[in-house]
Amino acid sequence: MNNIYFPGIRPWSLLLALLAFCITACDDKVEYTRVYTVYEPVYTSPEEIRASFAVEETPRILHDPGKIYIYGDYLFINEPGEGIHVVNNTDKANPMNIKFISIPGNFDMAAKDGALYIDSYMDLLVLDIRDIHNISITSRTENIFANAMTAGTYDPQRGIVTDWEEREKIEVSSGDFNGNFPYYFPYGGVFYAAMDASSLPRSSTAPTQSTTGIGGSMARFTIAGDYLYTIDNSNLYTFNIQNPETPTQGTTVQIGWGIETVFPYNGNLFIGAQNGMHIFSLQNPQAPRRRSTFSHVVSCDPVVVHDTLAYVTLRGGTTCRGVVNQLDIINIKNLEAPELLVSHPMQSPYGLAYEDGLLFICEGEHGLKVYDVSDIYKVNTSLLDHETGIDAYDVIPYQDVLIMIGREGLYQYDYSDPTDLKLLSRLTIERTKPIN
């Protein structure tokens with residue numbers, strides 16, 4: 001074997017040279033340019049928010065409506081975060097969009113005896129709607145909804161987050177030779193574009209007799225007797241409305257996390273959450289008491305109730321996180337121990353409604369479905385009608401008319417023959433955001 005010899009270079013000197021090269025190479029940096037989109041918060045002071053309330057006599061075009069609420073011959077349609085459209089629905093074949101109530105931070109509503117109760121970020125407002133042509137604020141209870149002030153959307157100096165501005169950012173940084181670059185994460189009120197911006201914290205008269213309006217299954221405001229009940233993501237609020245113009249606050253109950261909907265039935269509240277259904281007794285209406293909780297997999301969860309059965313739709317994806325899409329039918333004969341009877345697979349269920357043995361289910365982009373639920377174990381084989389080509393969100397049956405809000409508009413159907421819904425009218429919507 002021949003030895004290789006380098007004159008003048010000792011073996012230990014060569015070793016040191018190689019080590020020096022490795023150290024130098026390991027210190028080499030690679031410049032890295034990162035281009036990304038962020039959503040930065042826009043702040044508005046509480047004073048500016050409160051001063052922005054206005055009744056606009058010229059109607060606005062419906063763009064991205066959320067909740068619907070029926071009161072007498074009128075429909076109140078929420079534009080999330082913006083306010084409420086007022087629709088004269090006397091002629092259900094020709095509904096008339098007549099005005100818009102501008103209410104920053106409005107998402108929910110409920111009405112009784114000529115008073116409309118609405119949220120405006122942290123405040124509870126009462127509107128006098130006895131004369132629909134002369135709507136006015138009766139009272140405002142300030143800073144009543146805790147989550148609006150504590151959920152990370154409020155800054156004592158700058159105000160409340162009322163919008164998000166999209167901006168492009170460019171950052172130049174360096175990583176080591178192995179490609180180990182810095183990890184970027186949301187910080188200081190900045191959210192990356194991977195987040196869904198649409199889900200960010202973004203002379204007729206009304207009836208004068210004692211009457212309560214009707215909300216859909218997605219409602220977070222509801223009225224039972226002389227009490228208004230409202231929910232946020234974790235709390236149940238109670239208000240005595242015996243004097244409709246000046247509600248007085250009662251008990252606030254901390255329920256848990258992921259609270260989404262509330263449905264009153266037979267002296268109880270059925271509250272849908274992402275992890276289950278909570279049942280609260282209204283035996284003492286000013287201090288609701290938890291009776292039980294029925295747990296399920298994480299999902300979005302509106303609920304309606306009839307007799308001894310609760311119908312719950314579970315939807316996965318988006319903000320709901322889970323992957324399950326199904327209808328659960330729960331035995332609530334014993335309210336202290338609700339029991340799952342049967343589950344039926346669905347496609348992408350949103351709001352639902354029960355009426356006279358029929359279950360109406362909004363399936364998002366998969367349309368509106370009508371089921372015969374006289375045999376709860378055969379629901380999936382008892383589909384009576386399926387309205388396709390619409391993106392269905394929530395639905396309310398009222399006086400033999402089915403009122404449904406969807407991506408393309410407000411639809412009204414004659415459902416006297418549940419096997420063949422007849423479209424009565426459609427109020428067009430120019431939607432700019434997806435349904436979540």
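Quick note: the coordinates plus some simple rules give every number you see, no bench work behind them. All values derive from a computational prediction rather than experimental measurement. Ideal geometry is used to build each Cβ from the backbone, glycine not excepted, and the neighbour counts take in all protein chains shown.
Summary table
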| item | result |
| --- | --- |
| Some residue of region 378-385 being surrounded by 13 or more Cβ atoms within 10 Å (Cβ to Cβ) and either within 18 Å of residue 301 (Cα to Cα) or of a type in the set (Gly, Ala, Ser) (or both) | yes |
| Conditions (1) in a strand (DSSP E or B); (2) closer than 24 Å to residue 427 by Cα; (3) under 20 Å from the mean Cα position of the chain (by Cα): number failed by residue 117 | (2) |
| Some residue of region 379-390 being assigned to a strand (DSSP E or B) and hydroxyl-bearing (Ser, Thr, Tyr) | no |
| Positions within region 56-69 being within 27 Å of residue 217 (Cα to Cα) and surrounded by fewer than 19 Cβ atoms within 10 Å (Cβ to Cβ), in sequence order | 59, 60, 61, 63 |
| Boolean, residue 327 is in a strand (DSSP E or B), farther than 23 Å from residue 267 by Cβ and among the hydrophobic types (A, V, I, L, M, F, W, C) | yes |
| Matching strands (runs of 3 or more DSSP E) fully within region 205-305 where at least 2 residues are surrounded by 21 or more Cβ atoms within 10 Å (Cβ to Cβ), in contact with an Asp or Glu (Cβ under 7 Å, 6 or more places away or on another chain) and hydroxyl-bearing (Ser, Thr, Tyr) | none |
